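One structure below.
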Amino acid sequence: MKNEKIYTVDEATKLMENFCAYQERCHKEVEQKLYDLHMIAEARDKITLHLLQHNFLNEERFSKAFARGKFSIKNWGRIRIVNELKFRNISPHNIKTALKEIDEEVYLKTIQKVAEKKFAVIKEPNVFKKKGKLLTYLSSKGYESELIYEVVNALI
């Protein structure tokens, strides 16, 4: 702990306001950051309460932004998004709300596009192995298995 800055509650509060204003954060990230700043439990609670009261920290807003971002930027499927939100201790209600951010039609077009793109780059002469690799890839992206089989069978 050499040369680490010691923060007052006010300094840490300002720091956390900036941390939350930069991008949406969940409670778990905020708790971890406060812990990393070596804040005592009472200070962590006080700062977290301040962030909630001043709308810097909003779990529903975070989960919606997370779902939209991971889907549109990383092309993640619903299963992966749900698992990542659960890992961040997001409530089931907020997870459900977040999934409503993903339009069904766009979701189906995306899995189709992702499958076609990956299929084109899999260098495997054996069609069954190629199909297997594609199934595994789409599954790791977090798409539902019935959708994966539908898309892959239509493709091959």
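Just so you know, all these numbers are worked out from the coordinates, no wet-lab data involved. All figures in this text were calculated on a predicted structure; none of them were measured in a lab. For neighbour counting, all protein chains shown are included, and Cβ atoms are generated from backbone atoms with ideal geometry for every residue, glycine included.
So here's what we get for this one:
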{"read-out": "Dipole magnitude (debye, nearest 20) for the chain, charges at Cβ of Lys, Arg, Asp, Glu", "value": "820 debye"}
{"read-out": "Dipole of the stretch 1-121, positive direction: furthest Cα of 115, 16, 32, with charges on the beta-carbon", "value": "115"}
{"read-out": "Dipole moment magnitude, nearest 20 debye, the stretch 59-99 about Cα centre, only Lys, Arg, Asp, Glu C-beta charged", "value": "120 debye"}
{"read-out": "Residue among 93, 50, 27 with the largest mean-square fluctuation in a Gaussian network model of the chain, springs linking Cα atoms under 10 Å", "value": "93"}
{"read-out": "The stretch 140-156 and the stretch 31-107: distance between their alpha carbon centers, rounded to Å", "value": "27 Å"}
{"read-out": "Residue-count net charge about residue 93 - beta-carbon cut-off 15 Å; Lys, Arg +1, Asp, Glu -1", "value": "+3"}
{"read-out": "Net charge dipole size for the stretch 9-53 [Lys, Arg +1 and Asp, Glu -1 on Cβ; Debye, nearest 20]", "value": "60 debye"}
